[in-house]
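Visitor: Quick one: the structure is below, questions incoming.
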Amino acid sequence: MEREVILARGIDAKMSEETAYYFVDEAGDLTLFGRRGKTLVGTEGVSKCFMVGMAQVLDPYALGGALAKLRRDLLDDPYLAQIPSMRVEAGKTAKCFHAKNDCPEVRREVFKLLERHEIKVQVGIRRKAVLIKQARSGQNRSYANSVYDDMVKTLFKRSLHKADLNVIRFARRGKSAREKALTDAINKAKANFARDTGIHGSGRTKIIASIPSESWGLQAIDYFLWAIQRLFERGEDRYFCFLADHYRLVMDFDDRRTGKSYGRWYSDWDRLTKEKIMPVEG
């Protein structure tokens, strides 16, 4: 699936050390207000945070092959056959893995598979309570796209100078691919890195807007985002802890307890744990 789509887009899909493969998706949404400007945060089913995640997959074809085999095996398992989300007509697990829709038995197997693959994950997090204040004060009138693009820019700032070719697959947002805006965000990330470090990367970048059912990598980052969203919004850390070694950088932009303008960042030198997180409003 992944290989055919890439080849159809005219990309040299030959695996090499000079090619880096990234997959980008989001968790939550940027809908802050309902009718008459009423705040939606705190309403049942509405997320408290908006997250953008990026997964660098060392070998996306090996990951894709393993996930494809796992899905075939699960669909052939008679124990799971009567679960509604497993039926073809439901258009859920039979179509693609999606942590929110998959049943617990399926999630367990997907998590076990992801843990075995070389995947480096970065996540940017915005808290909706802060975004609401900014929107109401006029600081961020076009928050929906600008917040997303700013997070993408930060996620990729230190990642695009190492390879000759960077293949970046974004989950399509709504009806618009927005490839031009995303390309601009990526170019700004490169420029900011060069400005701050003096290192000018010469690598080419190819951006592809896709849907999860066309991309095993997007299905993988969906699972990583689901796990960290459960941690931040529900205080439930068992899924995150199982995959914790894959999260290389988590940027909580709105945790300003230390007075730093960029928030609280967690990395290999300061590992994220449930106890360190500032409570999420909502």
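Visitor: Restricting to region 226-249, give me the number of residues that are surrounded by fewer than 17 Cβ atoms within 10 Å (Cβ to Cβ), at negative phi and not in a helix (DSSP H, G or I).
Guide: The number of residues fulfilling the criteria is 2.
Visitor: Just a yes or no: is a residue in region 41-48 more than 23 Å from GLU233 (Cβ to Cβ), among the β-branched types (Val, Ile, Thr) and at pLDDT below 95?
Guide: Checked against the condition, which is being more than 23 Å from GLU233 (Cβ to Cβ), among the β-branched types (Val, Ile, Thr) and at pLDDT below 95, region 41-48 yields no hits at all.
Visitor: Further question on the same structure: When the residues of region 160-178 are narrowed to those that are modelled with pLDDT of 85 or more and in a loop (DSSP other than H, G, I, E, B), which ends up nearest to LEU32 (Cα to Cα)?
Guide: Ranking the qualifying residues of region 160-178, first place goes to ALA163.
Visitor: Next question, about the same structure. Residues that are in a helix (DSSP H, G or I), among the basic types (Lys, Arg), touching a Leu at 6+ places or on another chain (Cβ under 7 Å) and under 24 Å from ILE119 (Cα atoms): does region 259-279 have at least one?
Guide: yes
One line per residue, one yes/no per condition, for (1) under 18 Å from the mean Cα position of the chain (by Cα); (2) closer than 23 Å to GLU214 by Cβ; (3) part of a helix (DSSP H, G or I):
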{"site": "LEU74", "(1), (2), (3)": "no, yes, yes"}
{"site": "ASP77", "(1), (2), (3)": "no, no, no"}
{"site": "ALA99", "(1), (2), (3)": "yes, yes, no"}
{"site": "ASP102", "(1), (2), (3)": "yes, yes, no"}
{"site": "GLU109", "(1), (2), (3)": "no, yes, yes"}
{"site": "LEU131", "(1), (2), (3)": "no, no, yes"}
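Visitor: Further, regarding this structure: Looking at ALA209, ALA220, ALA181, which is the one that is hydrophobic (A, V, I, L, M, F, W, C), under 22 Å from PHE50 (Cβ atoms), at pLDDT 85 or above and surrounded by fewer than 19 Cβ atoms within 10 Å (Cβ to Cβ)?
Guide: Of ALA209, ALA220, ALA181, the one residue that is hydrophobic (A, V, I, L, M, F, W, C), under 22 Å from PHE50 (Cβ atoms), at pLDDT 85 or above and surrounded by fewer than 19 Cβ atoms within 10 Å (Cβ to Cβ) is ALA209.
Visitor: Same structure, new question: With the checklist (1) surrounded by 15 or more Cβ atoms within 10 Å (Cβ to Cβ); (2) closer than 27 Å to PRO104 by Cα in hand, flag the one item THR273 doesn't pass.
Guide: Single failed check for THR273: (1).
Visitor: Which one is surrounded by the fewest Cβ atoms within 10 Å (Cβ to Cβ) among residues in region 93-135 that are farther than 24 Å from MET251 by Cβ and among the charged types (D, E, K, R)?
Guide: Top of the filtered list is ARG116.
The values are calculated or read from the model by the stated rules, or taken from the named source; none is laboratory data. Quantities reported herein were computed from a predicted structural model and do not represent experimental measurements. So basically every Cβ, Gly included, is an ideal-geometry build from the backbone, and we count neighbours across all protein chains shown.
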